[in-house]
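The values are calculated or read from the model by the stated rules, or taken from the named source; none is laboratory data. No experiment lies behind these values; they were computed from the predicted model shown. Reconstructed Cβ throughout: ideal geometry from the backbone, glycine too, with neighbour counts over all protein chains shown.
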Amino acid sequence: MINPVSKNYIYSYTNTDYNKKPQQQSKANKVFDLNNLPSYKYQISFGKNKEEEIKKYLKRRKKRLTAQNISYKDINQYDINKLEGIQKGIYVFDGLSMEQIKYLALHSTEFVLQRGCHNMCAHCYANAMPPSHQKASDKINKIDFEDFEKLYCGFKELNKRLGFNIFKSSKNEYNTLFHDADSSMIFLRDNNGKTYDYLTLAKMINEITQKSVLFDTAGWNTKDKKTQERMEELVQKAISSNDYDFVEFNLSANPFQSLNNRALQHLKSGNYEKYEKFRDLYTTRMAKVLFTLTPLIEKEKLNIISRTLPNETKDAKGYREDDLLELYNEIFTKLRKLYKQDYETGIRKVIKNEEQIQKNLDYLNKKTEDVATNMGINGRLKNLVTDKKIQAYKKTQARTYKDPQKAAKTFYEGIIDINGKLYITNWYENYLTDIQLNYKNKDKKTAEISPALNKQIVTTDMIKD
Ligand code: SF4
């Protein structure tokens, strides 16, 4: 029986009581209540005269825009210089102009909480390395919860001062909490040792941006008890209320995950025994992962990301479209067995009636129909794909400009790293900008943001209208 998810934590701050420490509630009624978070606990002062001046400007502008039938909730409709100072006193924006804050908000696709991934997929466009490779005495691989909280509170306060949501005008449709990490591994702990699960952290981001938040996983080690329990709790939490309907769950199932990739490399070198061993490890893991995620099917909240190489790719046995169908077949056969076991032994953890078995498998089969073959060939995949024709074709698709001026004006997606630095991207090419949030860890190094990080930096001069 899966435990109902504990809503664990409460902040006891009121909006005016910024200096008190959070109090632990009795175990029975511990609640993480987002409504009780301070509107901005790090607030210093807005500055009275400036506040009046900006408030008047916002009021005038709102009136004029409304009269012209234009939404006043669009930051692009305002003279950003006239809003300069509205950010005063908000710790996380210390040192940034409103022009820079606006640029960061409009380019904030990924709010990165963790760097590094154990899945080591061969096709990983971010070229993710295991988290342990990303950490050193001067290098971090996880955001400090306090920094994340400051980001959340900072934007919440800014939106309040503006009277509208600054993220509304960004062109990106969703947010993620990762760049090169698997969502199943993401959670944070604050200084008091309290744990914040993915859904809670996603809720904080959704509250400030009002966008969907993705939960992408390529599976996890189901023998790792802590992760398995965390995922079971997360799934129960997601289906038990509508509070997290803004989260989109995606399972990435493909031939490139490191276990299956190893299997295929053994097949290539003729070691059939090892091929079978690693293939079984991967397909068994994925069947168990799907079993764990099954309750999401009832709410139609689970999608499958199917990516592979086109059938015509030479020297790529195991990685092509037809091979993917075979892989799914093996995984679903094992999943069917798990479903049957669950039902027939009377445990009925996820299968409550016999019809549900076929219904779930049909749902999952349908979700695998849309196979994407338009992957970029970079990072580890470059070593796997030797077909020159496919490589050349993929190269023509890659949009790399090596022109920071052009990128500054045309790229609209961005990555806020765990040290507060902003990168902009078109997912083929990245640029570091000179914009950085005032995080406690702003001087710490992090792993390189792949793919194709340019040496040139996008400066604030380049972003000016
Ligand atoms: S799970 Fe995602 S982040 Fe991790 S290696 Fe695979 S593609 Fe990269």
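Which is closer than 20 Å to residue 285 by Cα and either touching a residue at least 40 places away in the same chain (Cβ under 8 Å) or of a type in the set (S, T, N, Q) (or both), of 384, 324, 309, 422?
Working: 384 fails: closer than 20 Å to residue 285 by Cα; 309 fails: closer than 20 Å to residue 285 by Cα; 422 fails: closer than 20 Å to residue 285 by Cα.
Just one listed residue meets the conditions, 324.
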Exercise. Yes or no: residue 73 in contact (Cβ under 8 Å) with a residue 24 or more places away in the chain and among the basic types (Lys, Arg)?
Worked result: yes
Exercise. What is the one condition in (1) over 23 Å from residue 177 (Cβ atoms); (2) touching an Asp or Glu at 6+ places or on another chain (Cβ under 9 Å); (3) polar (S, T, N, Q) that residue 425 does not satisfy?
Worked result: (1)
Exercise. Restricting to the stretch 369-378, what's the tally of residues that are within 23 Å of residue 301 (Cβ to Cβ) and surrounded by 18 or more Cβ atoms within 10 Å (Cβ to Cβ)?
Worked result: 0
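Here's a check for you: in the stretch 63-80, which residue that is assigned to a helix (DSSP H, G or I) and not β-branched (Val, Ile, Thr) is nearest to residue 107 (Cα to Cα)?
Here is the first cut: in the stretch 63-80, the residues assigned to a helix (DSSP H, G or I) are 63-67, 75-77, 80.
After this cut, where a residue has to be not β-branched (Val, Ile, Thr) as well, the list is 63-65, 67, 76-77.
Numbers: 63: 28, 64: 27, 65: 24, 67: 29, 76: 13, 77: 17 Å.
Looking at residues that are assigned to a helix (DSSP H, G or I) and not β-branched (Val, Ile, Thr), I get 76.
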For this session: Filter the stretch 217-247 for residues that are under 14 Å from residue 286 (Cα atoms), touching a residue at least 12 places away in the same chain (Cβ under 8 Å) and not small (Gly, Ala, Ser) and give the result.
Result: 217, 220, 221, 222, 228, 231
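State whether the residues of the stretch 341-360 include one that is within 30 Å of residue 451 (Cα to Cα), of a type outside the set (Gly, Ala, Ser) and either under 28 Å from the mean Cα position of the chain (by Cα) or in a loop (DSSP other than H, G, I, E, B) (or both).
Filtering the stretch 341-360 down to residues within 30 Å of residue 451 (Cα to Cα) leaves none.
No, there is no match, as no residue in the stretch 341-360 is within 30 Å of residue 451 (Cα to Cα), of a type outside the set (Gly, Ala, Ser) and either under 28 Å from the mean Cα position of the chain (by Cα) or in a loop (DSSP other than H, G, I, E, B) (or both).
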Exercise. Does at least one position in the stretch 136-144 carry a residue that is of a type in the set (Val, Ile, Thr), away from the ligand (no atom under 16 Å from the Cβ) and part of a helix (DSSP H, G or I)?
Worked result: no
Seminar exercise, completed: Residues in the stretch 89-109 that are within 17 Å of residue 408 (Cα to Cα) and not in a loop (DSSP other than H, G, I, E, B) total 9
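Residues to consider are 402, 409, 445; find the one that is at pLDDT below 90 and among the basic types (Lys, Arg).
On the way: 409 fails: at pLDDT below 90; 445 fails: at pLDDT below 90.
The unique qualifying residue is 402.
Please verify whether residue 116 is more than 16 Å from the ligand (Cβ to nearest atom), in contact (Cβ under 8 Å) with a residue 24 or more places away in the chain, part of a loop (DSSP other than H, G, I, E, B) and out of contact with any Leu (no Cβ under 8 Å at 6 or more places or on another chain), treating the condition exactly as stated. Quick ask: steps written out before the conclusion?
Numbers: more than 16 Å from the ligand (Cβ to nearest atom): no; in contact (Cβ under 8 Å) with a residue 24 or more places away in the chain: yes; part of a loop (DSSP other than H, G, I, E, B): yes; out of contact with any Leu (no Cβ under 8 Å at 6 or more places or on another chain): yes.
So residue 116 fails the test.
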Exercise. Taking the stretch 57-86 only, how many residues are polar (S, T, N, Q) and out of contact with any helix residue (DSSP H, G or I) (no Cβ under 8 Å at 6 or more places or on another chain)?
Worked result: 3
Seminar exercise, completed: Only unsatisfied item for residue 91, checking (1) more than 16 Å from the ligand (Cβ to nearest atom); (2) without any contact (Cβ under 8 Å) to a residue 40 or more places away in the chain, is (2)
Exercise. Taking the stretch 244-293, which residues are among the charged types (D, E, K, R) and either outside any strand (DSSP E or B) or more than 16 Å from the ligand (Cβ to nearest atom) (or both)?
Worked result: 245, 262, 268, 273, 274, 276, 277, 279, 280, 285, 288
Exercise. From the set of residues in the stretch 376-395 that are of a type in the set (A, V, I, L, M) and part of a loop (DSSP other than H, G, I, E, B), which is nearest to residue 255 (Cα to Cα)?
Worked result: 385
Exercise. Quick check: anything in the stretch 94-113 crowded, with 18+ Cβ neighbours inside 10 Å, within 15 Å of the ligand (Cβ to nearest atom) and of a type in the set (A, V, I, L, M, F, W, C)?
Worked result: yes
Exercise. Out of all the residues in the stretch 152-206, which are touching an Asp or Glu at 6+ places or on another chain (Cβ under 6 Å), more than 16 Å from the ligand (Cβ to nearest atom) and part of a helix (DSSP H, G or I)?
Worked result: 169
Problem set entry | So residue 434, is it acidic (Asp, Glu), part of a strand (DSSP E or B) and either within 25 Å of the chain's Cα centre (by Cα) or more than 24 Å from residue 313 (Cβ to Cβ) (or both) | yes
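Hey, does the stretch 218-234 have a residue that's within 20 Å of residue 128 (Cα to Cα), part of a strand (DSSP E or B), within 15 Å of the chain's Cα centre (by Cα) and of a type in the set (A, V, I, L, M, F, W, C)? First the steps, then the outcome.
To start, the set of residues in the stretch 218-234 that are within 20 Å of residue 128 (Cα to Cα) comprises 218-221, 227.
In the following step, the residues that additionally are part of a strand (DSSP E or B) were identified as none.
No: the stretch 218-234 contains no residue that is within 20 Å of residue 128 (Cα to Cα), part of a strand (DSSP E or B), within 15 Å of the chain's Cα centre (by Cα) and of a type in the set (A, V, I, L, M, F, W, C).
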For this session: Report whether or not residue 401 is in a loop (DSSP other than H, G, I, E, B) and either hydrophobic (A, V, I, L, M, F, W, C) or surrounded by fewer than 18 Cβ atoms within 10 Å (Cβ to Cβ) (or both).
Result: yes
For this session: Just need a number here: residues in the stretch 317-346 that are touching a helix residue (DSSP H, G or I) at 6+ places or on another chain (Cβ under 9 Å) and either crowded, with 16+ Cβ neighbours inside 10 Å or at pLDDT 95 or above (or both).
Result: 18
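Check whether at least one residue in the stretch 121-134 is in a loop (DSSP other than H, G, I, E, B) and away from the ligand (no atom under 16 Å from the Cβ), and report yes or no. Reasoning before the result, please.
Looking only at the stretch 121-134, we keep the residues that are in a loop (DSSP other than H, G, I, E, B), and these are 121-130.
Those still in the list that are away from the ligand (no atom under 16 Å from the Cβ) too: none.
No - not one qualifying residue is present in the stretch 121-134.
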